[in-house]
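This report concerns only the one structure given below.
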Amino acid sequence: FVKLPQMAPMEAIEGKSETPQAPMKPITALDKIIVAFAGPLFSFALAAFFAVIVSIIGRPLGEAEGTRTIGYVLEKSPAEKAGLKAGDEILEVDGQPVTRWAGMGKDSIIWRIVRSEGSTIPVKVKRAGKEVALEATPEIPDNSIFERKNLRQLGITPAFTPMIAKVIPGSAAQKAGLKANDLITEVNGKKLLNLLDLDGYVKDHPTEAVTLTVLRDSQKLAVPFSVRGAKVGTVVKNGPAQTAGLQKGDTILTANGQEVPNAEWMTDFIAKSKGETLTLGVQRGGEKMEIKVTPVVPLSGSTDPKIGLGWDRNEGIQWDEIGLATIRNPSVSEQLRTGVMSIVDTLGALFSHKSDVKLQHLSGPVMIGRLYYHMFQSKEGWRMALWFSVIFNVNLAMLNLLPVPVLDGGHITLALVEAVRRKPVNFKMLEIIQTACAVLLIGFMIYIAFFDLSDLFGFRGKNEELKFAKPEAVAK
């Protein structure tokens, strides 16, 4: 490893010269501190530069990020068991007032859930003008050892108006006349609080024709729209679906002669089958066929009968993940404070022995690059990228100031030790410390990169938590 000049005597780096040279001023501890502090200072100055730009041009704030209202409560989730309902406005989580759904910080709903440490999480909501105090028991879904461990969840999603990001050419959505940036405000006159609300309505009204209320350029349009069937996204290994011959990309149109309105309805139908053989009408490309499959209770992942399928959306729409965005102009101080508090809160969670947040939940260069890529896919992504650069550079500056050898903070710490001792730190000891810490740092970066790559490419399907006995074992 390269010896750092601010920490090592010059002769240790260059060797003693036989050529007479003019006397040089000794490198003091203060000189080393100034050199080491320059890196974090530059990162912080760059963050301040980006913050000035963002304060002028603004940054997008999506409905899903800034709301406090629950848009959808997942079935059989901790939230449903606790009595939380769609439309509830969350006032407090785990005893802390909250003002927004996403992001980090004490005022974030998601962060308060993730950061909670008790066996239950107190939640205070406003419902029909009254405050209601509830208590939910969070769950941590199991996942593969190749993935980051899941964090605490209640099973709630934010309220925001479903917004179309892109319409796939030739799809049912294009044929219905839907366009990018359309807002879907109602289905058959019922106000939508979330995209899952639309799916839930179709599941609960399987025989109804669907008319969407679309807001386009301040005009309300009534658009008849109905996409039937459940499209297969993943097929779980050894599951009944795989044994029966179902494949990724198949669309299930009927089940025991009944028309399948959507994937949510099909999931419920399978769960209620009580293990009876189902006759599925399947479309594969231009061919239609019948496939018989018998649901079974998997070895793990569920207590309901399953056939081992995950679903893809089939309406031909790519939905915007944050809903309608408004441009907000945060002050420079607010942005820098947000960056500082994000790293403070993260370190607080990491060093708390009761916290579920671990080192594996941090992100490295791979994930940061992925975030920038996704930002630039949206219309206002360049504004979001500038805002994220503020947070990123503040985080980089503060992490560099941690008193860990090989980081600038470690150099400053050792220089302070030198100042107190009034002589440089022993070179051999310095070399051992720096080498050991460099090895640990590189190992940590590889560790984080592994999980980043796992998130990026995925080592399993989204329904792979279901485990089935091998067909041979079932036959016996």
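The values are calculated or read from the model by the stated rules, or taken from the named source; none is laboratory data. Predicted model, so just to flag it, every value in this text is computed and none were measured. Note that we place each Cβ from the backbone using ideal geometry, even for glycine, and neighbour counts take in every protein chain shown. Protein only, heavy atoms only, side chains kept; ligands, DNA and RNA dropped before computing areas. Shrake-Rupley method; radii C 1.70, N 1.55, O 1.52, S 1.80 Å.
Annotations
- Protein-only accessible surface at a 1.4 angstrom probe places the residues MET266, MET384 in the order MET384, MET266, largest first.
- Fraction of the pair-distance distribution of the stretch 293-432 above 22 Å, Cα-Cα pairs, percent: 66
- The heavy atoms of HIS411 offer some 10 square angstrom of accessible surface to a 1.4 angstrom probe.
- Spherically averaged projected area of the stretch 139-297 from its Cα convex hull (nm²): 11.7
- The C-alpha radius of gyration of the chain, expressed as a fraction of 2.2 N^0.38 Å, stands at 1.23.
- Here the accessible area of the chain is 60 percent carbon and sulfur, with a 1.4 angstrom probe and all protein chains present.
- Computed from the Cβ-Cβ distance with R0 of 45 Å, the FRET efficiency linking PHE146 to ASN329 stands at 0.60.
- The label-point distance for MET341 and LYS288, in a model that sets each label 7 Å from Cα toward Cβ, rounds to 5.8 nm.
- Sequentially through the stretch 258-271, phi angles give Karplus couplings (6.51, -1.76, 1.60; θ = phi - 60°) of 8, 5, 8, x, 6, 5, 4, 4, 5, 4, 5, 4, 5, 5 Hz, Gly and Pro residues having no value and appearing as x.
- Only DSSP H runs of four or more residues enter the estimate; each adds -39500 (n - 2.57), and after division by the residues of the chain the mean residue ellipticity at 222 nm equals -11500 deg cm²/dmol.
- If you sort THR185, THR413 by accessible surface, 1.4 Å probe, largest first, the order is THR413, THR185.
- Amide H contacts under 5 Å for GLU135, placed H, 5+ residues apart: VAL123
- Computed FRET value (nearest 0.05) for PHE376 with PHE450, which takes r as the C-beta separation and R₀ as 25 Å: 0.45
- Sorting the segments 320-326, 251-257 by their residues' average number of neighbouring beta-carbon atoms within 10 angstrom, most packed first, yields 320-326, 251-257.
- Using a probe of 1.4 Å on the protein chains alone, the accessible area found for PHE269 is around 40 Å².
- Ranked by the mean number of other Cβ atoms within 10 Å of their residues, highest first, the peptides 36-44, 432-440 come out as 36-44, 432-440.
- Surface accessible to a 1.4 Å probe, PHE451 within the full protein complex, Å²: 10
- Heavy-atom surface of the chain, accessible at 1.4 Å and reported per residue (Å²): 54
- Under 5 Å, built H, 5+ apart or other chain: amide partners of TYR72: THR157
- Only aspartates and glutamates eight or more places from LYS379 in sequence, or on another chain, were considered; those with a Cα closer than 20 Å are GLU63, GLU65, ASP182, ASP217, ASP320, GLU321.
- Taking Lys and Arg as +1 and Asp and Glu as -1, the other residues whose beta-carbon sits under 13 Å from that of ASN181 total 0.
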